[in-house]
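Undergrad: Quick one: this structure, given as C-alpha cells, is what I'll be asking you about.
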Amino acid sequence: MNYHFKCTLCGDELDPKTTRYVCPKHGDEGILDTILDYKQINGKTSPREISDSHDFSIWRYASLLPLADARKSAPPLHVGWTPMYRSTTLGAQLGLSHLFFKDDGRNPTASFKDRASAVVVAKARELGVEIITTASTGNAGAALAGLAAAAKMPAVIFVPQSAPQAKIAQLLIFGARVILVKGNYDQAVALCLAASKEFGWYCRNTAYNPYTVEGKKTAAFEICEQLAMVGSQLVTPQEWRAPDSIFVSVGDGNIISGLWKGLRDLLELGWIDKMPKLMGIQAEGSAACYNAWQAGTEKIQAVNAQTVADSISADIPLDGVRAVRAVRETGGAYLTVTDDEILAAIPELARGEAIFAEPAASTAYAGLKKAVTQGLVKSDERVVVMLTGNGLKDITSAMKVAGTGAVIEPELEAVKKLAQVW
C-alpha cells in the first residue's frame, strides 16, 4: 500500500522507509499520522466487498491498513470483529432508543489493545526485527505478549509493579520477559524507550509507534460496518453507517485517536456520510486531556494520576494532543467521572446487559450516564459505548461492588431459609 507519515505538530510529511517512530524535529512528542492513498483503496475494494468477506477479524480490513501483505504477516490469533450489542435494558433506563455496546473484552487477551499489538507485530515481522518491547499498565503488555507468542517473537514488557496481578499473570504465562518497574506508568514508558534505543528493540509504545493507532482504528470500521447490517446483510451497499456519538474512556489518548483516525479514513473514502461526536471520558483522578479541552488548549499539563481504573491512569497522556483534537474537531465533549461512579457502573453493565467490564471500560458507560443527565445526548441518537476490557482483568475492583455469597450448612433446610428472604 502507498502511504506516508505526517507530523501532528508541524505537518511535515515523512517517508516510512526512513522514519520509524516520530518526527525528527520534535522527538518523542512528534507523533505521526499515517496518510493513506484513498484513491488507490477505492480502486481495489469497497464496503460491499469487505462485508462479503468470511474473515471475521481485523484482517477483513487489510486493504485499509499500512502493511505490505497483512495476511502474510498477521499473527495467527483472532483479533477483532467483536460483538456489538443493542441495549436490552440500560438504554430504556436512560431514555435512549438506539444504544449499543461494543464489547472488546472478547478479544484474545481480553482487551481493545490486541488490535494495536496485532498490527504492530505484523509490521515487526515485515521489518524483520528480532525483539519487540512495550511499556504498559497491563493490557497493552498482555496484548503484545499474546500476539508476540503467536508470532514466535520474543517480547520484553515494562510494567508498573502495582499493576493488577491478573494482568501480570498474562504477561508471564505468554512467556514474555517481564520487568516490574518500581514506579508509575510514565516511568515505565521512559525506561522502555531508553532500553529500546540502547538495545535496538522494536518499540510498540503507545502513540510513539505510529502503527498502534492504525490497529486501534479497526474498531471504528467495525462499528460503522456492524451498524449498517441487519443480520449478516449489508443494508446500504455503497456505504456503512456512522453512529451519532461514540463514548470511550481516555487514558493515554491512543484509543480515541484511533477511533478518530478510522472514522476520518471512512469519511475520506466516502464510506460514511458524517463524522460522529467522540465523547472522551476520563477518571477525575487522571484528567489531563479533560483539563486541556476545558482550557481550550492542546497543551497537555501533567497530573498526578490516581484512579481505580489503572488502564487509563496516566500523568501525561502520550497521545494527548490528538485525543483533544479528536473530541474538539468532532463536536464532542470530555467528561470526568469519580472512582465510585466507575465502580458502580461495573455491576450495572453486568446485570443490565450481561457484559463484565473492567474499571477502564465501565468508565465509558459512567460517562454516558453523566452526559444524559447533562442533556448532551438526544433520546433518538445512535450511541455506541466502547467497552475496552474484560472484568476478569481486575477482580479486586469487581469484588468491591459485587457483594458476597451466602455461606450455609450443606443442608436443604438452610437453602429453604435462604430462599425465603431472597
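The values are calculated or read from the model by the stated rules, or taken from the named source; none is laboratory data. Since we're looking at a predicted model, the values are computed, not measured. Heads up, the Cβs are rebuilt from the backbone with ideal geometry, glycines too, and the neighbour counts pull from every protein chain shown. What goes into the accessible areas is simple: the full protein's heavy atoms, side chains included, and nothing from ligands, DNA or RNA. Shrake-Rupley method; radii C 1.70, N 1.55, O 1.52, S 1.80 Å.
Undergrad: Quick check for the range 4-54: number of Lys pairs with alpha-carbon distance under 19 Å, counting only pairs 8 or more apart or on different chains? Intermediate results must be reported in sequence, preceding the final value.
TA: Values: LYS6/LYS17; LYS6/LYS25; LYS6/LYS39; LYS17/LYS25.
Close lysine pairs under the 19 Å cut-off: 4.
Undergrad: Would you give the gap between the C-alpha center of the range 70-115 and the C-alpha center of the range 368-397, rounded to a whole Å?
TA: 13
Undergrad: Now for a separate question. Under a point-charge model restricted to the Cβ atoms of Lys and Arg (+1) and Asp and Glu (-1), what is the dipole moment magnitude of the range 1-127 relative to its Cα centre, in debye to the nearest 20?
TA: 260
Undergrad: Pick from VAL324, VAL181, VAL385: which is most flexible by mean-square fluctuation in a GNM of the chain where alpha carbon atoms under 10 Å apart are linked?
TA: Ranking VAL324, VAL181, VAL385 by mean-square fluctuation puts VAL181 first.
Undergrad: Taking only Cα atoms and a 10 Å spring cutoff, compute GNM fluctuations for the chain and point out the largest among PRO347, PRO276, PRO76.
TA: PRO76
Undergrad: Once phi is turned into θ = phi - 60°, what whole-Hz ³J(HN,Hα) does the Karplus curve with 6.51, -1.76 and 1.60 give for every residue of the range 45-53, x standing for Gly and Pro?
TA: 8, 7, x, 4, 4, 5, 5, 7, 5
Undergrad: Which whole-number value in Å² is the accessible area per residue of the range 1-144, probe 1.4 Å?
TA: Accessible surface, normalised per residue, equals 41 Å².
Undergrad: Treat every Asp and Glu Cβ in the chain as -1 and every Lys and Arg Cβ as +1, leave all other atoms uncharged, and give the resulting dipole magnitude about the Cα centre to the nearest 20 debye.
TA: 460
Undergrad: Give me a comma-separated list of calculated 3J(HN,Hα) values for the range 135-145, in order, Karplus coefficients 6.51, -1.76, 1.60 applied at θ = phi - 60°, integers in Hz, x for any Gly or Pro.
TA: 10, 7, 7, x, 5, 5, x, 4, 4, 5, 4
Undergrad: Towards the positive end of the charge dipole of the chain, with charges on Cβ (+1 Lys, Arg; -1 Asp, Glu), say which of SER73, ALA283, ALA361 has the farthest Cα.
TA: About the Cα centre, the residue reaching furthest to the positive side is SER73.
Undergrad: Something else: Between VAL407 and ILE131, 0.36 nm times their residue separation minus their Cα-Cα distance comes to what? The partial results should precede the final answer.
TA: Details: separation 276, 0.36 × 276 = 99.36 nm, distance 4.99 nm.
Result: 94.4 nm gained on full extension.
Undergrad: Please report how far the C-alpha centroid of the range 171-217 lies from that of the range 138-156, rounded to the nearest whole angstrom.
TA: Distance between centres, Cα-based: 11 Å.
Undergrad: Something else about it: For the range 256-351, just say rounded, prolate or oblate: build the C-alpha gyration tensor, square-root its eigenvalues into a ≥ b ≥ c, call rounded for a/c under 1.5, and beyond that prolate if a/b exceeds b/c, oblate if not.
TA: oblate
Undergrad: Could you tell me which label, among [x] 0.96; [y] 1.24; [z] 1.04, carries the value of Cα Rg over 2.2 N^0.38 Å calculated for this structure?
TA: [x]
Undergrad: Can you list the residues, at least 5 places off or on another chain, whose amide H is less than 5 Å from the amide H of HIS98, using H built in the peptide plane?
TA: Hits under the 5 Å cutoff: VAL383.
Undergrad: What does the helix-only formula give at 222 nm for the chain: each DSSP H stretch with n ≥ 4 adding -39500 (n - 2.57), the total divided by the residues, and the result rounded to the nearest 500 deg cm²/dmol? Display every interim value, and only then the final one.
TA: Working: 17 runs with 170 residues, N = 422.
My calculation for the chain gives -12000 deg cm²/dmol from helical runs alone.
Undergrad: Can you work out ³J(HN,Hα) from phi for every residue in the range 353-363, in order, using Karplus 6.51 cos²θ - 1.76 cosθ + 1.60 and θ = phi - 60°, giving whole Hz and x for Gly and Pro?
TA: 10, 6, 10, 8, 10, 6, x, 4, 7, 5, 4
Undergrad: Taking the mean number of other Cβ atoms within 10 Å as a proxy for protection, how do you rank 146-157, 63-74, 356-367 from highest to lowest?
TA: Details: 146-157: 22.3, 63-74: 17.8, 356-367: 30.9.
Ranked by mean Cβ neighbours within 10 Å, highest first: 356-367, 146-157, 63-74.
Undergrad: Collect residues whose amide H, placed 1.01 Å from N in the peptide plane, falls under 5 Å from the amide H of GLU358; neighbours closer than 5 in sequence don't count.
TA: Those lying under 5 Å, H to H, from GLU358 are GLY389, ASN390, GLY391.
Undergrad: Taking GluC sites (Glu not before Pro) as exposed when DSSP calls them loop (any state but H, G, I, E, B) and at most 13 other Cβ atoms lie within 10 Å, what is the longest stretch of the chain free of them, the sites themselves excluded?
TA: After excluding every exposed loop site, the longest remaining stretch is 131-410.
Undergrad: Excluding residues fewer than 8 places away in the same chain, name every one of the lysines whose C-alpha is closer than 24 Å to that of LYS102.
TA: LYS113, LYS167, LYS216, LYS217, LYS261, LYS274, LYS277, LYS369, LYS370, LYS378, LYS393
Undergrad: Let me ask something additional. Anyone know which of GLY215, GLY175, GLY43 comes out most mobile in the 10 Å Cα GNM of the chain?
TA: GLY43
Undergrad: Show the residues, 5+ positions off or on another chain, whose built amide H is closer than 5 Å to the amide H of SER111.
TA: Amide H neighbours of SER111: none.
Undergrad: Average projected area of the Cα convex hull of the range 21-63, in nm²? Show your work: numbers first, answer last.
TA: Numbers: hull surface 17.4 nm².
Reported value for the Cα convex hull: 4.3 nm².
Undergrad: Go through SER397, GLY183, LEU193 and say which Cα lies farthest out towards the positive end of the charge dipole of the chain; charges sit on Cβ, +1 for Lys and Arg, -1 for Asp and Glu.
TA: About the Cα centre, the residue reaching furthest to the positive side is LEU193.
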